[in-house]
Structures are given as C-alpha cells and as structure tokens.
C-alpha cells in the first residue's frame with residue numbers, strides 16, 4: 001500500500017511539473033509572437049507617476065520659483081499664482097480631505 005501511495009504521489013508530481021513546464025513554454029512562445037510593445041508617455045502623466053511609485057522613485061510635486069516668475073512675465077498669461085493642493089488621508093473617517101489654496105498674485 002505504501003509503495004502504491006508513493007508511486008501515485010510521484011506520478012502526480014511528474015505530471016504537474018510537466019504541465020507547468022509546457023505551460024511556461026507555450027506562454028513564452030505566445031508572448032514572442034506578440035512582438036515588442038512599448039508605450040511612450042510624457043513626464044507628469046498618470047502612467048509616469050505610477051511607474052515612479054512602482055520603482056520607489058519620488059514624485060515631483062512642486063515647481064521651482066523661477067517657473068512662477070517666468071509665467072508671470074509671459075504676456076499670454078493672465079494670472080499666475082502659487083497653488084497648494086493636497087489630499088490628506090483620513091482612514092478613521094473612511095475618506096481623504098482635499099485642501100486647495102492659493103496666494104493672491106501681485107498686481108500687474
């Protein structure tokens with residue numbers, strides 16, 4: 001009885017291993033037939049942010065002061081003011097509070 005039990009266990013192990021190996025080869029061949037897939041995204045888009053988070057890189061969440069000054073000098077810009085926007089998680093309340101505020105820009 002023990003020998004039959006061991007034989008069945010070994011047969012099941014060999015079958016599962018062969019199935020896994022064959023599945024892996026077939027999946028690899030299917031992916032090779034699909035060809036190269038690449039997505040180019042601009043910096044700052046949601047895909048870029050997700051990739052940065054997944055790779056453990058920090059998210060840029062501010063612009064240098066020089067960018068604000070350059071926008072203020074541009075004649076096509078009507079108003080340029082610093083803006084604060086932040087989401088504060090509140091797990092105890094089951095929500096996130098969004099805070100938005102800006103500084104009044106200087107007169108032109």
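Bear in mind that the values in this text are calculations on the coordinates, not laboratory data. Since the structure is predicted, the reported quantities are computational estimates derived from the model, not experimental observations. Methodologically, a virtual Cβ is constructed for each residue, glycine included, from the backbone with ideal geometry; neighbour enumeration extends over all protein chains shown.
Would you calculate the separation in nanometres between label points at residue 13 and residue 97, each defined as 7 Å from the Cα along the Cα-to-beta-carbon direction?
Computed distance between label sites residue 13 and residue 97 equals 6.0 nm.
Tell me, what is the FRET efficiency for residue 23 and residue 59 to the nearest 0.05, using R0 = 25 angstrom and their Cβ-Cβ distance as r?
After rounding, the FRET efficiency stands at 0.10.
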